[in-house]
Amino acid sequence: MWAEEVRVPRPGTGVGAFLGWVLLGAGIGAGFGLGILAGLFVALALVLVGGVLVVRQGLRPAQLGVVTGLGALPLALAWLNRRGPGQYCPGGVTGASECVAQANPWPFVLVGAALMVVGIVAFRRLRRPPGPLIEPRT
């Protein structure tokens, strides 16, 4: 085996690390999406954890998983508003209903899908190994 044939994986390019960062981003989005004080504290704590990891590890391609994970919040909002836009009045068992105003879900879908695609594509492009260290022999 020649030296130019050896492939050494770069740190922070594994799919497992990327999925871990995706979970961190989804947790941050969920914390901010709750809108209650406890959710904000959870989100800020997760941002702090991510910041500590970035400072300790340096910038790595897997950290783009946070962008992908943040896409979960708009997609969850789109799911909650799936019967919108307008009023939605579910019929109860007794016939009484409580109407809720629902927003148009498509802007949420577009933002969530864009965040997920941008995170995945950027990770795939940055995890590629650099070119050969030495020129191949001819």
(message) Cβ contacts < 9 Å: first residue farther than 25 Å from LEU110 by Cβ and free of Cβ contacts under 8 Å to residues at least 60 places away in the same chain, restricted to segment 57-72; second residue outside any helix (DSSP H, G or I) and not charged (D, E, K, R), any location; separation 6+ or different chain. Result?
(response) GLN57/PRO11; GLN57/GLY12; GLY58/PRO11; GLY58/GLY12; LEU59/GLY12; ARG60/PRO11; ARG60/GLY12; ARG60/THR13
(request) Confirm whether GLY35 is loosely packed, with under 15 Cβ neighbours inside 10 Å and farther than 17 Å from ALA122 by Cα. (result) yes
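What is the residue count in segment 54-70 for residues that are part of a helix (DSSP H, G or I) and surrounded by fewer than 15 Cβ atoms within 10 Å (Cβ to Cβ)? Can you show your working first?
From segment 54-70, those part of a helix (DSSP H, G or I) are 54-57, 61-70; that's our starting set.
Checking the rest, the ones that are also surrounded by fewer than 15 Cβ atoms within 10 Å (Cβ to Cβ) come to 54-57.
So the count comes out to 4.
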(request) Note down all Cβ pairs under 6 Å where the first residue falls in segment 93-116 and is surrounded by 14 or more Cβ atoms within 10 Å (Cβ to Cβ), the second is among the hydrophobic types (A, V, I, L, M, F, W, C) and at pLDDT 85 or above, and they're at least six residues apart or on different chains. (result) PRO105/ALA78; PHE108/LEU77; PHE108/ALA78; VAL109/ALA78; GLY112/LEU75; LEU115/VAL67; LEU115/LEU70
(message) Need the failing condition index for GLY112 against (1) more than 20 Å from VAL47 (Cα to Cα); (2) not hydrophobic (A, V, I, L, M, F, W, C); (3) not in a loop (DSSP other than H, G, I, E, B), just the number.
(response) (1)
(request) Please give the number of the condition LEU48 fails out of (1) surrounded by fewer than 15 Cβ atoms within 10 Å (Cβ to Cβ); (2) assigned to a loop (DSSP other than H, G, I, E, B). (result) (2)
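Could you grab me the full set of residues in segment 86-120 that are within 30 Å of GLY20 (Cβ to Cβ) and either more than 12 Å from the chain's Cα centre (by Cα) or at pLDDT below 90 (or both)?
Going through segment 86-120, the residues within 30 Å of GLY20 (Cβ to Cβ) turn out to be 105, 107-120.
Within segment 86-120, PRO105, PRO107, PHE108, VAL109, LEU110 qualify.
Residues ARG137, ARG83: which one is over 30 Å from VAL15 (Cα atoms), assigned to a loop (DSSP other than H, G, I, E, B) and modelled with pLDDT under 85?
Values: ARG83 fails: modelled with pLDDT under 85.
After applying the criteria, what remains is ARG137.
The values are calculated or read from the model by the stated rules, or taken from the named source; none is laboratory data. Note that the structure is a prediction, hence the values are computed from the model and not measured. FYI the Cβ positions are ideal-geometry reconstructions off the backbone, even for glycines, and counts take in every protein chain you see.
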